[in-house]
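Beneath this line is the structure, given in structure tokens, with notes to follow.
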Amino acid sequence: MKRGLTAIFVLAGCAVGFAQSGVSPLGLIPSPVPGLSASIWTEKSQYTVGETARIHFYISQAAYVYIFDIEPTGNVRLIFPNPYSPNAYRPAGTHVLPDQSTYQFRVAPPTGTETLQLVASTRPLSFPMGTYSDPYPLLGPTVESGKVAVLGLVPEPGCGCYVTAWTTFQIVGASTGPGYWPCPPCWGITPCPPCSGMGYIAPGMGWFWSPSGNWQFFLGECPSGPGYCWYVGPDGQWRFKVQLCFGNCP
């Protein structure tokens with residue numbers, strides 16, 4: 001495992017999804033490709049905020065695979081390929097994501113109906129790759145704007161070079177528990193903060209523990225004073241430091 005880094009993305013469980021007929025949620029018109037079919041699903045039909053999830057997909061022959069997430073708010077993001085799993089070209093068969101220990105898909109607010117859409121293409125497509133600090137790039141803040149971005153980069157339906165599959169699912173809220181914020185790896189060095197996950201980590205986010213035993217979430221710099229500080233560096237890595245104070249301490 002690549003220590004100090006766990007990329008986390010808002011996701012929920014979904015029912016099995018197969019290549020459907022008609023216009024897809026992102027406006028793609030399925031076009032038959034000889035020998036190529038695809039489907040996408042997760043283990044559960046409903047996930048509670050804070051749970052982790054895995055995405056399964058199947059392709060009948062080797063292809064370039066791209067997976068988009070349409071959040072309940074309408075945000076459209078490319079979640080695969082990503083910086084932690086950058087190879088879009090996959091052999092025929094069933095695959096599971098995450099396929100690396102360096103990232104997770106963790107369910108986070110908002111609640112509601114969410115959609116995953118897969119595009120399997122016989123040729124590579126030029127979707128923007130995310131960065132370690134922002135691994136799942138926003139293609140559009142609404143479904144319509146996301147459609148425009150996707151349609152502008154996918155070949156015309158008559159090309160006979162891609163198929164698509166999608167599914168919908170539900171995100172439900174946790175009845176109890178703390179807020180959902182980024183979780184550092186901890187490694188047993190300190191008690192872990194009261195967190196369960198988030199959309200994704202970004203530089204400047206962190207948790208500070210003071211000798212009083214209280215955890216504080218912050219954005220920006222570690223608070224001053226003695227304590228433990230977990231924070232996300234500019235490279236997207238979790239960092240840890242111990243802050244000591246001698247004499248008159250705050």
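Rule-based calculations on the coordinates, nothing more; no lab input. Not measured: the values here are computed from a predicted model. Here Cβ is always computed from backbone atoms with ideal geometry, including for glycine, and neighbour counts include all displayed protein chains.
Pairs of Cα atoms nearer than 8 Å and 6+ residues apart set the relative contact order; for the range 7-172 it is 37 percent. Between Ala38 and Ala19, the built amide H atoms are under 5 Å apart, and every one of these is 5 or more places off in sequence or on another chain. For the range 7-172, a simple Cβ point-charge model (Lys and Arg +1, Asp and Glu -1, everything else neutral) yields a dipole of about 200 debye relative to the Cα centre. Cβ crowding within 10 Å, taken as a proxy for footprinting-reagent exposure, orders Thr48, Thr115 from fewest neighbours to most as Thr48, Thr115. Applied to the range 218-226, the Karplus parametrisation 6.51 cos²θ - 1.76 cosθ + 1.60 on θ = phi - 60° returns per-residue 3J(HN,Hα) values of 9, 10, x, 8, 4, x, 6, x, x Hz, with x for Gly and Pro.
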